[in-house]
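Asks: Mind looking over this structure? Questions follow.
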Amino acid sequence: MSLNSENTVFCLTLGCSKNSVDSERIAGMLRTAGFKMVPEVELAENAIINTCGFIRSAVEENIAAILDLVELKSSGNLKRVGVVGCLVSRYGEELSKNIPEVDFWARCEEHDVIMRALSADTIHLECNRSNTTNRYLLQGVSRHVRYLKISEGCNNSCSYCTIPSIKGALRSRPIDVTVKEAMDLVRDGAREICLIAQDLTAYGDDRGESHGLITLLDELESSLPVDVWLRMLYLQPYRVDRKLLERVANGRQVLPYLDIPIQHSSHKILNLMNRGSDPEDLFCIFETARAIRSDFALRTTCMIGFPGESRADFDDLLRFIERVRFDRVGAFVFSPEEGTPASSLPGQVAERTKTSRLERLMSLQEEISLSRQMLFVGKEMDVLIDSIDECGEAEGRSYREAPDVDGLIELRISGEKFCVGDKVRVVITDAYEHDLTAEPVYEHRPGA
């Protein structure tokens, strides 16, 4: 413990990219208040775990991580343990009774609780309240790819989802604050900024704004350097209209990449999910996107085995996927979550059936993905380099690949003076179900 002092803090982030943004904000507040963030728990006096409570498997994983930190405290290797975030918002009272060794609990956005629990200087706390864009890059987070959370909460009422009960109603961040944070991220080295929220397309609805997301895109593009990519993730389908599709297709920095989770295509299942979507309206979104721009990258998410899903319903989903021909599909099996209407619906699907259907869907999508990938062989693309090894092998992504969830583009750059975060013009040489291979096509220009 000789390396530690009372103002050292280790922050462990579990869950999605939205949690990572929250952790960076917490770390930024603590740094301003005089705390030192350390990359390993062994170097810390204080440990904070930012939790996820979205689904049952995440809850179990998070509780195990909390118990690991509590054990370190019990053995004298930590002074204080704090648990914050979604799991606390969902199960805080129950957890505090069952794990009394935890020193403090804070729900989502309860930053005051964290600062007071660590005896932070209240002057610095007041400063941080007025500087909501202050973020600190934590260990393991890419400097050139950053996430920008534009709103919190959700007004949708999907029957399977716990988010509204955890996060509350929609709260859009002010445009000027959001743009300032984006500019700060660029100054800190960001070359790609991913816009995230529970529902991007609802941005500004709580302020009565029409097409608030388009207004935000306009402000970001006019404020940021022209070589910074803007990628949108998590677009609710029933708010995606032609105006938004055309704005994305004609964007200067906004990438022609759409991540629109449909969850299903059966009219019956969509109604049970309370998704507010009609199957033909769903198809029209993707048909219109490809009519506007044939190389639109389309990604979706599907839920398999929702209560009442018959074989006919599942076959309908397969036909829908074949018809649209998504570039990427993420799929997961339904998990009944405590407190949601879907958890008590009749017609629960057997786990064995869910698994079998998931395998069939992903097998179909692999064939479709490969055919979409093959369309780009021989074409030139801009690639953002994410990593370079000692042998000169690099991995990067084009507009078609979102970080962490899609494939990669592999290219050999031995002898070239490339750096992580550079953009390189390449020609695609080969295609696989998930990844592509490429070669640089012109002399390297840093930051091109």
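Asks: Shape of region 4-54 from its Cα gyration tensor (a ≥ b ≥ c, root eigenvalues): rounded if a/c is under 1.5, otherwise prolate when a/b > b/c, or oblate? Could the numbers behind the result be given before it?
Replies: Details: a/c = 2.90, a/b = 1.61, b/c = 1.81.
Oblate, because a/c is 1.5 or more while a/b does not exceed b/c.
Asks: A further question on this structure: With springs only between Cα atoms under 10 Å apart, run a GNM on the chain and tell me which of Gln236, Gln263, Gln348 wobbles the most.
Replies: Per the Cα network of the chain with a 10 Å cutoff, Gln348 tops the list.
Asks: Under the classification rounded if a/c is under 1.5, otherwise prolate if a/b is larger than b/c and oblate if not, where does the chain fall, given a ≥ b ≥ c as square roots of the Cα gyration tensor eigenvalues?
Replies: Oblate shape, in that a/c is at least 1.5 and b/c is the bigger or equal ratio.
Asks: Where the only charges are on Cβ atoms (+1 Lys, Arg; -1 Asp, Glu), what is the dipole of region 380-440 about its Cα centre, to the nearest 20 debye? If you can, show how the numbers build up before the last one.
Replies: On the way: 6 positive and 17 negative charges, 61 e Å.
Computed about the Cα centre, the dipole is about 300 debye.
Asks: With θ taken as phi - 60° and the coefficients 6.51, -1.76 and 1.60, list the Karplus ³J(HN,Hα) couplings across region 148-165 in order, rounded to whole Hz; mark glycine and proline as x.
Replies: Once rounded to whole Hz, the list reads 10, 7, 9, 7, 10, x, 7, 9, 6, 10, 4, 5, 9, 9, 9, 4, x, 6.
Asks: Only sites in a loop by DSSP and with at most 16 other Cβ atoms within 10 Å count here; which trypsin sites (Lys or Arg not before Pro) in region 213-270 make the cut?
Replies: Values: sites: Arg231, Arg239, Arg242, Lys243, Arg247, Arg252, Lys268; in loops: Arg252.
Qualifying residues, ordered by number: Arg252.
Asks: Go ahead and estimate [θ] at 222 nm for the chain from helices alone: -39,500 (n - 2.57) per DSSP H run with n ≥ 4, summed, over the residue count, rounded to 500.
Replies: Working: 13 runs with 160 residues, N = 448.
Computed mean residue ellipticity for the chain: -11000 deg cm²/dmol.
Asks: Which lysines, on any chain, are close to Lys36 with Cα under 22 Å apart, when same-chain ones fewer than 8 places away are left out?
Replies: Lys73, Lys79
Asks: For region 347-441, which trypsin sites (Lys or Arg not before Pro) are both in a DSSP coil and crowded by at most 14 other Cβ atoms within 10 Å?
Replies: Working: sites: Arg352, Lys354, Arg357, Arg360, Arg372, Lys379, Arg397, Arg400, Arg412, Lys417, Lys423, Arg425; in loops: Lys379, Arg400, Lys417.
Here the trypsin sites (Lys or Arg not before Pro) that fit, given the DSSP loop and packing criteria, are Lys379, Lys417.
Asks: Here's a follow-up. Out of region 272-347, which trypsin sites (Lys or Arg not before Pro) are coil in DSSP terms and have no more than 16 other C-beta atoms within 10 Å? Let's see the in-between values first.
Replies: Details: sites: Arg275, Arg290, Arg293, Arg299, Arg311, Arg319, Arg323, Arg325, Arg328; in loops: Arg275, Arg293, Arg325.
Answer by residue number: Arg293, Arg325.
Asks: Rounded to a whole number, what is D in µm²/s for region 145-374 from Stokes-Einstein with the Kirkwood radius over alpha-carbon pairs (37 °C, 0.692 mPa s)? Show your work: numbers first, answer last.
Replies: Numbers: Rh = 18.6 Å.
Here the translational diffusion coefficient equals 176 µm²/s.
Asks: I would also like to ask the following. Where in region 65-107 does the amide nitrogen come within less than 20 Å of the point 7 Å from the Cα of Ser343, taken along Cα to Cβ?
Replies: 85-99, 107
Asks: Further question on the same structure: Note the full-extension length gain between His267 and Ala64 as 0.36 nm times their separation in residues minus their Cα-Cα distance, in nm to one decimal.
Replies: Values: separation 203, 0.36 × 203 = 73.08 nm, distance 3.91 nm.
Full-extension gain reported as 69.2 nm.
Asks: If you don't mind, another one. Once you've got the Cα coordinates, tell me which of Lys97/Lys180; Lys268/Lys354; Lys97/Lys167 are over 29 Å apart.
Replies: Lys97/Lys180
Asks: Work out the P(r) tail for region 380-440: percent of alpha carbon pairs separated by more than 15 Å, whole number. Intermediate results must be reported in sequence, preceding the final value.
Replies: Details: 726 of 1830 pairs.
So the portion of pairs separated by more than 15 Å is 40 percent.
Asks: Across region 227-242, in residue order, what do the Karplus-derived ³J(HN,Hα) couplings come to in whole Hz, using 6.51 cos²θ - 1.76 cosθ + 1.60 with θ = phi - 60° and x for Gly and Pro?
Replies: Using θ = phi - 60°, the values come out as 8, 8, 7, 10, 10, 9, 10, 6, 9, 5, x, 6, 9, 8, 10, 4 Hz.
Asks: So the label point goes 7 Å from the Cα of Ser165 along Cα→C-beta, right? Which residues of region 308-344 then have their backbone N under 18 Å from it?
Replies: 334-344
Asks: Right, another one. Report the antiparallel proportion of the DSSP beta bridges in region 145-374 as a percent, rounded to a multiple of 5. Don't skip to the answer; put the middle values down first.
Replies: Values: 2 of 22 bridges.
Restricted to region 145-374, the bridges split so that about 10 percent are antiparallel.
Asks: Continuing with the same structure: Please find, in a Gaussian network model of the chain (springs between Cα atoms separated by less than 10 Å), the residue of Ile196, Ile262, Ile388 whose mean-square fluctuation is greatest.
Replies: Ile388
Asks: Report the residues of region 78-95 in range of a label on Phe332: point 7 Å along Cα→C-beta, backbone N strictly under 20 Å from it.
Replies: Flagged as within label range: 84-92.
Asks: Provide the per-residue ³J(HN,Hα) series for region 65-75, in order, calculated from phi with Karplus coefficients 6.51, -1.76, 1.60 and θ = phi - 60°, each as a whole number of Hz, with x at glycine and proline positions.
Replies: Ordered by residue, 3J(HN,Hα) equals 5, 4, 5, 4, 5, 4, 5, 4, 5, 4, 8 Hz.
Asks: Working out 0.36 nm times the residue gap between Asp206 and Arg56, then minus their Cα-Cα distance, what length gain in nm do you get to one decimal? Walk me through the numbers on the way to the answer.
Replies: Details: separation 150, 0.36 × 150 = 54.00 nm, distance 3.00 nm.
Length difference between fully extended and current span is 51.0 nm.
Asks: Could you check what % of the DSSP bridge pairs in the chain are antiparallel, to the nearest 5? Don't skip to the answer; put the middle values down first.
Replies: Details: 20 of 59 bridges.
Expressed as a percentage, antiparallel bridges in the chain total about 35.
Asks: Averaged across orientations, what area in nm² does the convex hull of the alpha carbons in region 8-129 project? Before the final figure, lay out the partial values.
Replies: Details: hull surface 27.0 nm².
One quarter of the hull surface, i.e. the mean projection, equals 6.7 nm².
Asks: Please list the three semi-axes, largest first and in whole Å, of the ellipsoid equivalent to region 323-448, using sqrt of 5 times the eigenvalues of its alpha carbon gyration tensor.
Replies: Working: eigenvalues 300, 54, 26 Å².
Three semi-axes, in Å: 39, 16, 11.
Asks: Where the centre of each part is set by its Cα atoms, how far does region 421-440 sit from region 278-334, in angstrom?
Replies: Region 421-440 and region 278-334 have Cα centres spaced 27 Å from each other.
Asks: Using modelled amide H (1.01 Å from N, peptide plane; none on Pro or chain starts), what sits under 5 Å from the amide H of Ser335, excluding residues fewer than 5 places away?
Replies: Placed amide hydrogens put nothing under 5 Å from Ser335.
None of the figures in this text is laboratory data; all of them are computed from the coordinates on show. In this text the structure is predicted, and so the values were computed from the model without any measurement. Note: ideal-geometry Cβ built from the backbone for every residue, glycine included; neighbour counts use all protein chains shown.
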